[in-house]
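These notes are about the structure you will find just below.
The values are calculated or read from the model by the stated rules, or taken from the named source; none is laboratory data. Note that this is a predicted model, so its numbers are computed, not measured. Please note: Cβ atoms are built from the backbone with ideal geometry, for glycine as well, and neighbour counts cover all protein chains shown.
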Amino acid sequence: MILLMGPCGYFVPIDDERLASEIKKIKSPLRFLLWTFRKFPASRFSGLKLDKLDDDSCVVSIPGGWRSQNPFNSMYWAVQGMGAELSTAGFPLALVKSMGGRTRTLVASQESKFTKKAKGRIIFTCEDGHLARSAIEESIETGKPVNVELTSVGTDSSGDVVSEWAFKWNFLVIEGG
């Protein structure tokens, strides 16, 4: 294993084999269920589901219905935000877990736009994994926090966009493995 020297000490670069292993673990239905019970219980109540996770994208869906609706019979904006945030966090989570050591992750800001009433199952898709990887690699090289904007688009069963989300993530790699 080759170690890289960064400003804050030695770092293990992102290992694609370990990354693939972490993605596989996160995608495991049983592991995902246990993780959400422990770390993200509101997602269990709302019925959030991880549909896809790979190097290119993360897709999360939430069913419509009484567990996720607002008084206007559409999906509550905060429930949509939960699905959108997880779709932007899936690949960075796998990256961070694959590296060992400590990495601080933080949502620094969030913006959203709602374009249609969200009814039925809503699917949130983020295709910005490459941006997260670049930001984490930059933090490894510089030893400084790096901001990156990751976007998620929520669509209904007809494929119509119901909401668009932008999360500014801040990554700081503190130490290597």
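Values for this structure:
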read-out: Criterion violated by W35 - all others in (1) within 16 Å of the chain's Cα centre (by Cα); (2) among the aromatic types (F, W, Y); (3) modelled with pLDDT of 90 or more; (4) more than 22 Å from V148 (Cα to Cα) satisfied; value: (3)
read-out: The listed residue being aliphatic (A, V, I, L, M), over 18 Å from S134 (Cα atoms) and modelled with pLDDT of 90 or more, out of L95, L106, L50; value: L50
read-out: The range 112-126, residues that are surrounded by 17 or more Cβ atoms within 10 Å (Cβ to Cβ) and not in a strand (DSSP E or B); value: A118, R121
read-out: Filter result (of a type in the set (A, V, I, L, M) and in contact with a Ser or Thr (Cβ under 8 Å, 6 or more places away or on another chain)) within the range 29-61; value: L48, V59, V60
read-out: Among (1) in contact with a Lys or Arg (Cβ under 9 Å, 6 or more places away or on another chain); (2) in a loop (DSSP other than H, G, I, E, B); (3) among the aliphatic types (A, V, I, L, M), the one test that V173 misses; value: (2)
read-out: Residue match in the range 4-27 (condition: crowded, with 16+ Cβ neighbours inside 10 Å, modelled with pLDDT of 85 or more and of a type in the set (G, A, S)); value: no
read-out: In the range 70-111, residue nearest to D160 (Cα to Cα) [restricted to those that are part of a loop (DSSP other than H, G, I, E, B) and either of a type outside the set (A, V, I, L, M, F, W, C) or in contact with a strand residue (DSSP E or B) (Cβ under 7 Å, 6 or more places away or on another chain) (or both)]; value: S74
read-out: Cross-chain or 6+ apart pairs with Cβ under 8 Å, the range 135-157 first and surrounded by 15 or more Cβ atoms within 10 Å (Cβ to Cβ) and at pLDDT 95 or above, then acidic (D, E) and in a strand (DSSP E or B); value: T151/E164; S152/E164; V153/E164; G154/E164
read-out: Any chance G81 is within 15 Å of the chain's Cα centre (by Cα) and modelled with pLDDT of 90 or more; value: yes
read-out: Conditions (1) touching a Lys or Arg at 6+ places or on another chain (Cβ under 7 Å); (2) free of Cβ contacts under 8 Å to residues at least 24 places away in the same chain; number of the one not met by L30; value: (1)
read-out: Count of residues meeting criterion [in a loop (DSSP other than H, G, I, E, B) and within 15 Å of F124 (Cα to Cα)] in the range 51-68; value: 6
